[in-house]
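**Student:** Take this structure first; my questions come after.
The values are calculated or read from the model by the stated rules, or taken from the named source; none is laboratory data. Please read these numbers as outputs of a predicted model, since none were measured by experiment. A quick note on method: Cβ atoms are made from the backbone with ideal geometry, for glycine too, and the neighbour counts reach across all protein chains shown.
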Amino acid sequence: MNEIQESFVGEPNNLPTQPSSKKQSYQTGLNIFLLVGLGVLFILHVTEKKTSQNKEQGPAVAENLNRVPSIAFINSDSIMVHYELVKDMRKLFEASTKRKENELKAQQKTFEGKVSEYQRKLNSNAISGDIAQITEQQLMKEQQRLVDFRDELTEELAREEYELNIQLLDSVTNFLVRYNQAKQYDAVFNFKQGSTIFIRNDAMDITPEVLEKLNDEYRLKTPPKK
């Protein structure tokens, strides 16, 4: 999972140094780990439905069970690149990430200013030892609040990313259920680079048609972009 990474260094009983400006930026792409389970979910849905039907129909379906199953696959890499819902999700996530990064930078800058001012006064003997100790304690508390704020923003982004992935998974899965009412595939697998499907027949690839229909449905639900 991505993290906003700021380094805050403070030795016990010493002035906390300024937060490091080195920061690992958020990767702006959405994770696709949930799409990996897409094939399994859809297979379970189809199997459950057919098992229920078989119990109702009894021996009449025995011959049908011996037929070669009808199988297809979709390429989730292509879905992630070309599905317009994903593009809009990515923009939303990038905007949220940018806002949170700016919030953190603003608070970090304020903290750095206070540390610099303290160091300036300390070096010029403009404050007494007692005041220096009190100021140091205050700065250490502010440093911890800044660390806590960073962690809070990281958790917020993690939740947002998870919710977007759930929304994406639901969108594709629900579409495939409707799509399969006409196609009647026994299973639809998810394929992506590095998956456990080593050999595939491209004749079983339904990605282009699925993408076209997914985008058509999404455009109907989405207001025209200005």
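**Student:** Of everything in region 200-226, what is closer than 20 Å to Asn174 by Cβ and assigned to a loop (DSSP other than H, G, I, E, B)? Give them in sequence order.
**Tutor:** Across region 200-226, the qualifying residues are Ile206, Thr222.
**Student:** Only one of Asp88, Asp77 is in contact (Cβ under 8 Å) with a residue 24 or more places away in the chain and within 27 Å of Asp186 (Cβ to Cβ). Can you tell me which?
**Tutor:** Numbers: Asp88 fails: within 27 Å of Asp186 (Cβ to Cβ).
Exactly one of Asp88, Asp77 is in contact (Cβ under 8 Å) with a residue 24 or more places away in the chain and within 27 Å of Asp186 (Cβ to Cβ), namely Asp77.
**Student:** So which residues in region 140-154 are buried (at least 16 other Cβ atoms within 10 Å of the Cβ) and more than 14 Å from Val115 (Cβ to Cβ)?
**Tutor:** Phe149, Arg150, Leu153, Thr154 - these are the residues of region 140-154 that are buried (at least 16 other Cβ atoms within 10 Å of the Cβ) and more than 14 Å from Val115 (Cβ to Cβ).
**Student:** What about Asp148, is it closer than 22 Å to Leu220 by Cα and free of Cβ contacts under 8 Å to residues at least 24 places away in the same chain?
**Tutor:** Numbers: closer than 22 Å to Leu220 by Cα: no; free of Cβ contacts under 8 Å to residues at least 24 places away in the same chain: yes.
No; evaluated as a whole, the condition is false for this residue.
**Student:** Taking the options Ser124, Ser195, name whichever one is surrounded by fewer than 18 Cβ atoms within 10 Å (Cβ to Cβ), over 22 Å from Val81 (Cβ atoms) and at pLDDT below 95.
**Tutor:** Step by step, each of Ser124, Ser195 is checked, and only Ser124 is surrounded by fewer than 18 Cβ atoms within 10 Å (Cβ to Cβ), over 22 Å from Val81 (Cβ atoms) and at pLDDT below 95.
**Student:** Could you please find all residues in region 58-96 being basic (Lys, Arg) and modelled with pLDDT of 90 or more? Talk me through it step by step, then tell me what you get.
**Tutor:** Filtering region 58-96 for residues basic (Lys, Arg) gives 67, 87, 90-91.
Passing the criteria: Lys87, Arg90, Lys91.
**Student:** Quickly run through region 169-213 and pick out the residues that are in contact (Cβ under 8 Å) with a residue 12 or more places away in the chain and farther than 21 Å from Ser70 by Cβ.
**Tutor:** Matches in region 169-213: Leu169, Ser171, Lys192, Gln193.
**Student:** Name the pairs: first residue in region 97-119 and over 16 Å from Phe149 (Cβ atoms) and at pLDDT below 95, second residue among the acidic types (Asp, Glu) and part of a helix (DSSP H, G or I), Cβ to Cβ under 8 Å, at least 6 apart or on different chains?
**Tutor:** Between residues of region 97-119 that are over 16 Å from Phe149 (Cβ atoms) and at pLDDT below 95 and residues that are among the acidic types (Asp, Glu) and part of a helix (DSSP H, G or I), the close pairs are Tyr118/Glu136.
**Student:** Kindly provide the set of residues from region 133-144 that are touching a residue at least 12 places away in the same chain (Cβ under 8 Å) and hydrophobic (A, V, I, L, M, F, W, C), ordered by number. Show your work before the answer.
**Tutor:** First, the residues of region 133-144 that are touching a residue at least 12 places away in the same chain (Cβ under 8 Å): 135-136, 139-140, 142-143.
Hits for region 133-144 are Leu139, Met140.
**Student:** Among the residues of region 161-199 satisfying the criterion of being of a type in the set (D, E, K, R) and not in a helix (DSSP H, G or I), which is farthest from Ala72 (Cα to Cα)? Don't jump to the end; show me each part of the working.
**Tutor:** First pass over region 161-199, keeping only residues of a type in the set (D, E, K, R): 161, 163, 170, 178, 183, 186, 192.
Next, only the ones that are not in a helix (DSSP H, G or I) stay: 186, 192.
Details: Asp186: 8, Lys192: 14 Å.
Looking at residues that are of a type in the set (D, E, K, R) and not in a helix (DSSP H, G or I), I get Lys192.
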